[in-house]
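The values are calculated or read from the model by the stated rules, or taken from the named source; none is laboratory data. Note that the structure is a prediction, hence the values are computed from the model and not measured. Neighbour counts run over all protein chains shown; Cβ positions are idealised from the backbone, glycine included.
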Amino acid sequence: MGKVLLVGVDGSDAGWRALEFATGRARSLGATLVLAHVIPWSPYSFNTPEENEQRHQRRQQELEAARTQLLEPAGREVGEGVEVILVAKHGDRSELLNQLAREYDAEHIIVGRTGESRMRSRMFGSVPSTLTQIADVPVTVVP
């Protein structure tokens, strides 16, 4: 497939700037862009039996919404001349972005600096800071 860059797409202003930065890099390198959106999901949440019955359907609806409302518009924003692959998954954002980088043999992960609430970032750590510690490839954090 040649050179591959992975971009975390979350719909935030910083996420759009990360996409713009990644698009420029992909054009100059002739690289493929993998646009990835990860919906936080814990397999260990406690649900009622009714919620468990609806869980799979809800997950599928969220993935479809992420694809049509976020990833497809982001792919159109990239424009012609750059191959784009769209990926939506549930799970831990940092771990899955790193896993996707391995899966697609990406040589670089690009994310926006912000996108989560400050409280969540303080409590659990932000995706960019976690990625810079666990990633198997270089990570660029776009302000």
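Going through the range 1-34 one residue at a time, which ones are β-branched (Val, Ile, Thr), within 17 Å of Leu96 (Cα to Cα) and touching a Gly at 6+ places or on another chain (Cβ under 9 Å)?
Of everything in the range 1-34, those that are β-branched (Val, Ile, Thr), within 17 Å of Leu96 (Cα to Cα) and touching a Gly at 6+ places or on another chain (Cβ under 9 Å) turn out to be Val7, Val9.
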Got a number for residues in the range 89-106 being at pLDDT below 95 and not in a helix (DSSP H, G or I)?
3
Identify, from the list Trp16, Trp41, the residue that is aromatic (Phe, Trp, Tyr), in a helix (DSSP H, G or I), within 21 Å of Val111 (Cβ to Cβ) and in contact with a helix residue (DSSP H, G or I) (Cβ under 9 Å, 6 or more places away or on another chain).
Trp16
Let me confirm something: among Leu86, Leu71, Leu5, which residue is out of contact with any Lys or Arg (no Cβ under 7 Å at 6 or more places or on another chain) and either surrounded by 17 or more Cβ atoms within 10 Å (Cβ to Cβ) or not in a helix (DSSP H, G or I) (or both)?
Leu71
So the check is Cβ under 7 Å with 6+ separation or different chains; which pairs have a first residue in the range 97-108 that's on the phi > 0 side of the Ramachandran plot and a second one that's surrounded by 17 or more Cβ atoms within 10 Å (Cβ to Cβ)?
Asp105/Val4
